[in-house]
1. Give me the residue from the stretch A:88-103 that is assigned to a strand (DSSP E or B) and within 19 Å of A:K64 (Cα to Cα) and, out of that set, nearest to the other protein chains (Cβ to nearest Cβ).
2. Going by what's in this entry, would A:K66 be described as away from every other protein chain (no Cβ under 11 Å), modelled with pLDDT of 95 or more, within 20 Å of A:P109 (Cβ to Cβ) and surrounded by fewer than 16 Cβ atoms within 10 Å (Cβ to Cβ)?
3. Counting only residues that are touching a Ser or Thr at 6+ places or on another chain (Cβ under 6 Å) and under 18 Å from B:T86 (Cα atoms), how many does the stretch B:40-63 have?
4. Look at the stretch A:14-27 and say how many of its residues are in a loop (DSSP other than H, G, I, E, B) and closer than 25 Å to A:Q60 by Cα.
5. Quick check, is A:F106 aromatic (F, W, Y), at negative phi, over 12 Å from the mean Cα position of the chain (by Cα) and within 11 Å of chain B (Cβ to nearest Cβ)?
6. Go through (1) more than 30 Å from B:L49 (Cβ to Cβ); (2) in a loop (DSSP other than H, G, I, E, B) and name the single condition A:L68 misses.
7. Would you be able to tell me the number of residues in the stretch A:15-55 that are among the aliphatic types (A, V, I, L, M) and within 11 Å of chain B (Cβ to nearest Cβ)?
8. When the residues of the stretch B:49-82 are narrowed to those that are crowded, with 19+ Cβ neighbours inside 10 Å and not hydroxyl-bearing (S, T, Y), which ends up farthest from B:K17 (Cα to Cα)?
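The values are calculated or read from the model by the stated rules, or taken from the named source; none is laboratory data. Source: prediction; values computed, not measured. Glycine also receives a Cβ, built like all others from the backbone with ideal geometry; neighbour counts cover every protein chain displayed.
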Amino acid sequence: GAVVSQHPSRVICKSGTSVKIECRSLDFQATTMFWYRQFPKQSLMLMATSNEGSKATYEQGVEKDKFLINHASLTLSTLTVTSAHPEDSSFYICSARDWRGGREQFFGPGTRLTVL
Amino acid sequence: ELKVEQNPLFLSMQEGKNYTIYCNYSTTSDRLYWYRQDPGKSLESLFVLLSNGAVKQEGRLMASLDTKARLSTLHITAAVHDLSATYFCAVGSASGGGADGLTFGKGTHLIIQP
């Protein structure tokens with residue numbers, strides 16, 4: 001149980017295009033999902049907290065107009081990187097918390113974004 | 001601002017040896033996590049520590065939490081090559097009703113040589 005999927009697993013795009021990444025909780029419902037970014041050989045940094053049915057909460061320094069987050073259902077959150085640039089190339093990982101409570105976050109397999 | 005410091009950041013050790021990774025955090029927290037990450041992969045949950053004095057063990061790994069010292073340790077016993085990976089500790093904020101995301105340490109890159 002407690003499986004989180006991400007799609008796509010890998011994406012290569014041209015500079016200036018937008019890319020959408022999906023995060024799904026497969027066997028549980030998640031009122032809260034989180035988006036992290038990991039640059040090569042670095043740690044994970046929290047980008048934003050995605051709340052079902054409400055606006056996402058962004059961490060300081062993360063541009064909300066560039067990283068659009070939508071959490072339209074209890075099993076799906078999407079992250080759209082708008083007008084992507086090479087510096088946005090990174091490993092994007094989502095996590096989800098079961099709506100029934102508990103402290104654990106379940107992480108997705110990650111999406112590797114390369115912007116040319 | 002919550003800060004999480006791990007040390008060492010890089011560790012090369014021989015099989016069969018014991019070693020400890022340390023994780024210090026700067027403010028009160030009600031939960032601490034240890035994760036493993038293999039190259040190119042996402043995180044694998046190892047331990048969730050929720051209370052002072054908590055100790056959990058899984059195979060050759062044992063994690064403990066001292067909330068008064070704001071310190072957690074991940075101890076490796078009789079290391080084997082398969083444990084080579086990057087290990088992260090992560091701390092949740094004590095505020096926000098548990099809805100906050102996690103703050104990660106920089107990670108410990110562990111290489112275990114035969």
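1. A:I93
2. no
3. Qualifying residue count, the stretch B:40-63: 1.
4. 4
5. Taking the combined requirement at face value, the residue satisfies it.
6. (2)
7. Going through the stretch A:15-55 one residue at a time, the tally reaches 6.
8. It comes out as B:L49.
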